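The values are calculated or read from the model by the stated rules, or taken from the named source; none is laboratory data. What you see is a predicted model; the values in this text were computed from it and never measured. Here Cβ is always computed from backbone atoms with ideal geometry, including for glycine, and neighbour counts include all displayed protein chains.
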Amino acid sequence: MKNNITIRRASVDDCELINEMAWKVFPATYEKILTKEQNDFMMDWMYSIPNLRKQMNEGHLYFILFLENGSVPAGYVSIQKQGEDLFHLQKIYVLPEFQGRNLGKALFEHAVAEIKLDHPEPCTMELNVNRNNKAVAFYEKMGMHKARQGDFPIGKGFYMNDYIMAMDI
């Protein structure tokens with residue numbers, strides 16, 4: 001692909017790599033938004049190796065973006081079919097040292113292309129994003145809109161205070 005970018009589908013053998021990347025990007029993304037306690041809870045809930053395997057077994061498709069002809073992991077995206085005509089972009093992150101290089105756009109476009117391969121008919125892609133996350137502007141630039149918002153309990157008294165953004169594909 002362009003700019004020495006390679007994106008490949010992850011397997012359960014990649015759970016450790018995804019976990020390592022998550023520990024670099026997730027806390028950095030949310031350090032000013034979430035408490036350390038909520039961040040730690042969410043890291044275990046979403047990114048422990050057993051939970052990553054479980055997600056993959058439940059239909060989350062992960063894709064990893066590599067630079068330098070496949071030798072340097074730089075980000076990941078996860079999508080999941082949630083209904084006949086509904087897909088959810090579960091996760092999309094670029095490691096902090098690689099942000100600002102249009103890699104998020106490459107991951108986003110790859111997710112859309114994968115959805116179209118699976119579901120050529122018109123459908124909707126949604127995602128949850130924290131209302132205080134600067135990524136809201138990125139998603140709007142990519143063509144998504146704020147469809148609704150909510151405060152979603154995730155356990156141990158923690159909530160995800162999110163916009164649900166959507167776009168028709």
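Any chance segment 95-113 includes a residue that's surrounded by 17 or more Cβ atoms within 10 Å (Cβ to Cβ), touching a helix residue (DSSP H, G or I) at 6+ places or on another chain (Cβ under 7 Å) and either touching a residue at least 40 places away in the same chain (Cβ under 8 Å) or polar (S, T, N, Q) (or both)? Yes, the conditions are met somewhere in segment 95-113. Listed by position, the strands (runs of 3 or more DSSP E) contained in segment 58-169 that have at least 2 residues being of a type in the set (Phe, Trp, Tyr) and closer than 22 Å to Met43 by Cβ are 61-67, 158-168. Only a single criterion out of (1) under 23 Å from Tyr159 (Cβ atoms); (2) at pLDDT 95 or above is not satisfied by Phe63, namely (1). Is it fair to say Ala28 is in contact (Cβ under 8 Å) with a residue 24 or more places away in the chain, in a helix (DSSP H, G or I), under 22 Å from Glu109 (Cβ atoms) and not aromatic (Phe, Trp, Tyr)? When the stated conditions are applied, Ala28 does not pass them. Across segment 1-37, the qualifying residues are those that are buried (at least 19 other Cβ atoms within 10 Å of the Cβ) and either over 15 Å from the mean Cα position of the chain (by Cα) or among the small types (Gly, Ala, Ser) (or both), and the one among them that is farthest from Ala74 (Cα to Cα) is Leu34.
Total residues in segment 40-69 satisfying the condition of being surrounded by fewer than 18 Cβ atoms within 10 Å (Cβ to Cβ), of a type in the set (S, T, N, Q) and free of Cβ contacts under 8 Å to residues at least 60 places away in the same chain: the figure is 3. Can you find a residue in segment 146-155 that is in contact (Cβ under 8 Å) with a residue 24 or more places away in the chain and crowded, with 18+ Cβ neighbours inside 10 Å? Looking for residues that are in contact (Cβ under 8 Å) with a residue 24 or more places away in the chain and crowded, with 18+ Cβ neighbours inside 10 Å, one finds none in segment 146-155, hence no.
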